[in-house]
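Trainee: First the structure, then my questions, so here it is.
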Amino acid sequence: MLTRLIVILFDYITPSMTSISLASEYSLFYSYETHNFRLNTLRILYYMKKAAKPIAFALVILSAFLFLHHASQINIHALYTFVNAATAPSPLAQEDPEKVHAATALLHETGTPPDVNLRTWRLKVKGAGVERPLRLSYDTLLAMERVDRNVILICPGAFTDRAEWEGVPLTSIMKKAGVSDDYETVMVVGLDGFSGMFSREEVDGHLIFLALKVNGVTLPREHGFPVRIVAEDILGGKWVKWIDYIEIY
């Protein structure tokens, strides 16, 4: 366990790091509750990635010291969960390439897939119509109730694709975010900058969901990994891939 943690820490220390002010981020590294010291592991690792190499090295030493001297007050479960997630193979790497090819060979590819790091990627849900802004991890989406539907993707004058898509209903995400009853528009924006907008009438009248799988395999990069929009009976121009955030207003 400790060896895996050390590997992860040093993986974050690379020559491409940019400098940050240790003093300005101090309050984000730690929290005090009734004078009890609690190490916020996730934030230390996140800011270590942004730190200059000397600062990051100092943080490694500090983290090791705190781990040894305050072990009884560290959230061991959170630490263990993070280490396992960070060292787990990508869902794409776990798929059989031949199975993926067979499942997607007839599907058309559009756009240029951006690089996505699942350690840091979060589906963000925000906007004036949102009561509880969300930052959902890939694993969180996988754990949510999903739908499975055969839906046709139509790009007028270009192509038509039929596939079995599986994912989380948009309405489930909206419910989790506490979307107000008077919202008017849902805008979905991809990591490539492409966006699609859905009216309230479209959300209420069509099955729209965030697809994680296609034809039984994990959504490949070229088709929108980690998650894309599938909108039944709505033209493909709104089927945003590589989703970055959803804004509701």
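Trainee: Any of K124/K176; K176/K241; K126/K175; K126/K213 with alpha carbons more than 18 Å apart? Name them for me.
Mentor: The pairs that break the limit, which is 18 Å between Cα atoms, are K176/K241; K126/K213.
Trainee: Could you tally the net charge around V188, taking each other residue with its Cβ under 14 Å from the Cβ of V188, Lys/Arg +1 and Asp/Glu -1?
Mentor: Spelling it out: positives minus negatives among the neighbours equals +1.
Trainee: Using a 10 Å cut-off around each Cβ, can you sort V179, V186 from fewest to most neighbouring Cβ atoms?
Mentor: Placing the least packed residue first, the sequence is V179, V186.
Trainee: What ranking of F225, F209 emerges when the number of other C-beta atoms within 10 Å of each C-beta is taken as an exposure proxy, fewest first?
Mentor: Least crowded to most crowded, the residues run F225, F209.
Trainee: May I pose another question? M197: net charge of surrounding residues, Cβ under 13 Å, Lys/Arg +1, Asp/Glu -1, itself excluded? Before the final figure, lay out each step's value.
Mentor: Values: positive: R200, K238; negative: E184, E201, E202, E247.
Net charge around M197: -2.
Trainee: Name the aspartates and glutamates eligible as straight-distance cross-link partners of K99: C-alpha to C-alpha under 15 Å, and not fewer than 8 places from it in the same chain.
Mentor: E164
Trainee: For a quick check: with amide H placed at 1.01 Å from N, whose amide H comes under 5 Å from V116's, ignoring anything fewer than 5 positions away on the same chain?
Mentor: none
Trainee: Sort D181, D244 so the one with the fewest other Cβ atoms within 10 Å of its own Cβ comes first.
Mentor: Least crowded to most crowded, the residues run D181, D244.
Here, each number is a calculation from the coordinates, and none is a lab measurement. As the structure is a computational prediction, the values presented were derived from the model and not from experiment. Methodologically, a virtual Cβ is constructed for each residue, glycine included, from the backbone with ideal geometry; neighbour enumeration extends over all protein chains shown.
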